[in-house]
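Novice: My questions all concern the structure below.
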Amino acid sequence: MKKFLIFCLVVLTACHSKPKTPFTILKSVKTKDGAKLDVQVNARISKEQMVEIAAYIKSDSSQYNNLQIDYILPGNSYKNEGGIIVYATAAYHDKGVIAPTDTVKDNDNNLLSFEFVGFTPEKAKQLLAFNPADMVDKQVLGKFIDDNTKTISIIYEDKKEANQSYILELDTLGKVVSAIAPMEVTAKGIKKMVVTQQGDYMVLKDSILTMYSSADNDKPFRSIKQGL
């Protein structure tokens, strides 16, 4: 009976309840010595929350000595020519080959590396608060943080100027690095905002900003969801 109780305690200790933070495994690919997973979270969450998710996945994938978890935000699509944008990365390495970057411990005392590739929740909040003074009288259609280019794009509409749109791209200090009044055209029922002379354009639909390259204007290049 005593041995049975000890066994039960070991099993309970090894088991993990699913983290309260919602997540979805979108893709899992086996590598030479482990696996790589794309995990979507619904919002910018803390390092601690992502480490908790990583520990849960690790406990369910203990057969892999090396496990990389790339966190991505909603709005990304595997159809994008430019690929998905990684928000943060957690990685477990073979215990016999601990990397210098393995400085984080999960709840099971396993070492792993963790990196914010994009903006932390705190920094994103600062970026979303930007609103240049010369645009205060115009309606904001959306704010889109690009973790890849490390910028935020804000789209405005001016009701006083026949609903003319404006797209401002700001750096992390709030400095405008690009200001465009796009030419708007509608093709096959899709409203396009042409942003370059070459014909690159953007489409804003269902709170997602999708970018298209003139090199292949039928396939999306990158997509970002509003307000994340």
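Novice: Taking 8 Å as the Cα distance limit and 6 or more residues as the minimum spacing, I'd like the relative contact order of the chain as a percentage.
Specialist: Computed over the chain, the figure is 14 percent.
Novice: Then there's this: Among (1) 11.8; (2) 16.6; (3) 12.6, only one was calculated for this model; which label is it, if the read-out is mean projected area of the Cα convex hull in nm²?
Specialist: Recomputing mean projected area of the Cα convex hull in nm² here picks out (2).
Novice: Note the full-extension length gain between Leu141 and Asp171 as 0.36 nm times their separation in residues minus their Cα-Cα distance, in nm to one decimal.
Specialist: 8.9 nm
Novice: Skipping prolines and chain starts, which residues have an amide H placed within reach, meaning under 5 Å, of the one on Tyr87, given they are 5 or more residues away or on another chain?
Specialist: Correct list: Tyr71, Ile72, Leu73.
Novice: Out of residues 5 or more away from Gln164 or on other chains, whose amide H comes under 5 Å of its own, with H placed 1.01 Å from N in the peptide plane?
Specialist: When sequence neighbours closer than 5 places are left aside, the close amide H contacts are Asp158.
Novice: Please compute the net charge surrounding Lys58, taking Lys and Arg as +1 and Asp and Glu as -1 over other residues with Cβ under 10 Å from its Cβ.
Specialist: Taking every Cβ under 10 Å from that of Lys58, the sum is -3.
Novice: Follow-up question, since we're still on this one. Which FRET efficiency value, to the nearest 0.05, do you get for Ile190 and Lys219 by plugging their Cβ-Cβ distance into 1/(1 + (r/R0)^6) with R0 = 22 Å? Let's see the in-between values first.
Specialist: Values: r = 14 Å, r/R0 = 0.62.
Step by step, r from the Cβ atoms, then E = 0.95.
Novice: For region 70-111, what is the Kirkwood hydrodynamic radius in Å, using each pair of distinct C-alpha atoms?
Specialist: It works out to 12.6 Å.
Novice: Quick check: residue separation of Lys95 and Lys150 times 0.36 nm, minus the Cα distance between them. What number comes out in nm?
Specialist: Once the chain is fully extended between Lys95 and Lys150, it gains 16.4 nm.
Novice: Applying the Karplus parametrisation 6.51 cos²θ - 1.76 cosθ + 1.60 with θ = phi - 60° to the phi angles of region 200-215, what ³J(HN,Hα) value in whole Hz is obtained for each residue in order, glycine and proline being reported as x?
Specialist: Result, rounded to whole Hz: 4, 9, 10, 10, 10, 8, 6, 6, 10, 9, 10, 10, 10, 9, 5, 5.
Novice: As a test of the formula, what do you get for the chain when each DSSP H run with n ≥ 4 contributes -39,500 (n - 2.57) and the sum is divided by the residue count, at 222 nm and rounded to the nearest 500 deg cm²/dmol? Numbers along the way, then the final one.
Specialist: On the way: 3 runs with 35 residues, N = 228.
Result for the chain, helices only: -4500 deg cm²/dmol.
Novice: Could I ask something else about it? Using packing as a proxy for protection, rank 159-167, 42-50 so that the peptide with the highest average count of other Cβ atoms within 10 Å comes first.
Specialist: Values: 159-167: 13.3, 42-50: 16.8.
Ranked from most to least packed, the peptides come out as 42-50, 159-167.
Novice: Against the globular-protein guess of 2.2 N^0.38 Å, express the Cα radius of gyration of region 143-205 as a ratio, rounded to two decimals.
Specialist: With N residues counted in region 143-205, Rg over 2.2 N^0.38 Å equals 1.17.
Novice: Any chance you could get the radius of gyration and Dmax over the Cα atoms of region 183-228, in Å?
Specialist: 10.3, 29
Novice: May I pose another question? Can you send over the carbon and sulfur percentage of the accessible area for the chain, probe radius 1.4 Å, protein chains only? Could you put the intermediate results ahead of the total?
Specialist: Numbers: 7080 of 13350 Å².
Whole-percent figure for carbon plus sulfur exposure: 53.
Novice: Could you please state, rounded to a whole Å, how far the C-alpha centre of region 158-227 is from the C-alpha centre of region 56-73?
Specialist: Taking the Cα centre of each part, region 158-227 and region 56-73 sit 36 Å apart.
Novice: Can I ask one more? Once you put a point 7 Å from the Cα of Met183 and another 7 Å from the Cα of Glu157, both along the Cβ direction, what distance in nm separates them?
Specialist: 2.2
Novice: Among the listed pairs Lys20/Lys123; Lys188/Lys225; Lys27/Lys191; Lys47/Lys150; Lys191/Lys225, which are separated by more than 28 Å between their Cα atoms?
Specialist: Violating the 28 Å Cα-Cα cut-off are Lys27/Lys191.
Novice: If contacts are Cα pairs under 8 angstrom and at least 6 residues apart, what is the relative contact order of region 126-228 in percent?
Specialist: Across region 126-228, relative contact order equals 18 percent.
Novice: So, one more: For Gln197 and Glu115, what is the calculated FRET efficiency with R₀ set at 41 Å and r taken between the beta-carbons, to the nearest 0.05? Working shown, then result.
Specialist: On the way: r = 37 Å, r/R0 = 0.91.
Once rounded, the FRET efficiency stands at 0.65.
Novice: Please state the charge dipole magnitude for the chain, taken about the Cα centre, from unit charges on C-beta atoms (+1 on K and R, -1 on D and E), reported in debye and rounded to the nearest 20.
Specialist: The dipole of the chain has a size of about 700 debye.
The values are calculated or read from the model by the stated rules, or taken from the named source; none is laboratory data. Keep in mind that this is a model prediction, so the values were computed, not measured. For neighbour counting, all protein chains shown are included, and Cβ atoms are generated from backbone atoms with ideal geometry for every residue, glycine included. We work out accessible area using only protein heavy atoms, side chains counted, and drop any ligands, DNA or RNA first. Shrake-Rupley method; radii C 1.70, N 1.55, O 1.52, S 1.80 Å.
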